[in-house]
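Novice: A single structure is presented below for examination.
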Amino acid sequence: MRWVLIVLAVAGIAASSLALREHYRTDTSPCSINERWDCGIVNHSPYAMFHGVPVAVIGIAGYLLLGVLAFRKAYRLMLVAALGGLGYALYLAHIESAVLGVWCVYCVISLGVISLLSLLALGTVIVRSMSRSQKTA
């Protein structure tokens, strides 16, 4: 399971890196699909920054942390971090839907990745806890 989690973290880093590229892009966004899907609008909005730091940079750092925690098999700590990331990603998805009215492909991919990471980390923690309790019984 460790390697699956690491591969997902790398996928999250890639999606966040692409979103960061959109944040600094000055020409037309290549993922400007239609009026409902435009990464440029999302990544140039005020919600794309958190205390002066691009949200995509926070995503890259978060996925890097999750990858390191998976590598070290620190699944409980990883679960806590992943759930925090999932909560923030859901907040940003709400902003895209209700406030901006525009979705970013990279952000949606990142939401899928952090959702999978959260679920798999939760499952890993549960399975490991159950196997520990069976060994002591």
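The values are calculated or read from the model by the stated rules, or taken from the named source; none is laboratory data. Keep in mind that this is a model prediction, so the values were computed, not measured. Using ideal geometry, Cβ is built from the backbone for each residue, glycine included, and neighbour counts are taken over all protein chains shown.
Novice: Tell me which of these Met78 doesn't satisfy, since it passes every other one: (1) under 15 Å from the mean Cα position of the chain (by Cα); (2) farther than 16 Å from Leu5 by Cβ; (3) not aromatic (Phe, Trp, Tyr).
Specialist: Unmet condition: (2).
Novice: Given Arg72, Arg36, Arg25, Arg2, which one is charged (D, E, K, R), at pLDDT 95 or above, more than 13 Å from the chain's Cα centre (by Cα) and at negative phi?
Specialist: Numbers: Arg36 fails: at pLDDT 95 or above; Arg25 fails: at pLDDT 95 or above; Arg2 fails: at pLDDT 95 or above.
Checking each option against the conditions leaves just Arg72.
Novice: Within segment 64-76, is there a residue that is touching a residue at least 40 places away in the same chain (Cβ under 8 Å), over 13 Å from Ile114 (Cα atoms) and assigned to a loop (DSSP other than H, G, I, E, B)?
Specialist: Residues of segment 64-76 touching a residue at least 40 places away in the same chain (Cβ under 8 Å): 64, 66-67, 70-71, 73, 75-76.
Then drop every residue that is not over 13 Å from Ile114 (Cα atoms), which leaves 70-71, 73, 75-76.
Still in the list and also assigned to a loop (DSSP other than H, G, I, E, B): 73.
Yes, segment 64-76 contains a residue that is touching a residue at least 40 places away in the same chain (Cβ under 8 Å), over 13 Å from Ile114 (Cα atoms) and assigned to a loop (DSSP other than H, G, I, E, B).
Novice: If you check Val105 against the conditions, is it β-branched (Val, Ile, Thr), touching a Cys at 6+ places or on another chain (Cβ under 8 Å), under 18 Å from Gly12 (Cα atoms) and in contact (Cβ under 8 Å) with a residue 24 or more places away in the chain?
Specialist: Numbers: β-branched (Val, Ile, Thr): yes; touching a Cys at 6+ places or on another chain (Cβ under 8 Å): yes; under 18 Å from Gly12 (Cα atoms): yes; in contact (Cβ under 8 Å) with a residue 24 or more places away in the chain: yes.
Yes; evaluated as a whole, the condition is true for this residue.
Novice: Of all residues in segment 34-57, which are surrounded by 15 or more Cβ atoms within 10 Å (Cβ to Cβ), of a type outside the set (Ser, Thr, Tyr) and touching a residue at least 24 places away in the same chain (Cβ under 8 Å)?
Specialist: Matches in segment 34-57: Trp37, Asp38, Cys39, Ile41, Val42, Asn43, Ala48, Pro54, Val55, Ala56, Val57.
Novice: Here are some residues: Ile95, Ile60, Ile33, Ile126. Which one is of a type in the set (A, V, I, L, M) and outside any helix (DSSP H, G or I)? Steps first, please.
Specialist: Values: Ile95 fails: outside any helix (DSSP H, G or I); Ile60 fails: outside any helix (DSSP H, G or I); Ile126 fails: outside any helix (DSSP H, G or I).
That would be Ile33, the only listed residue that is of a type in the set (A, V, I, L, M) and outside any helix (DSSP H, G or I).
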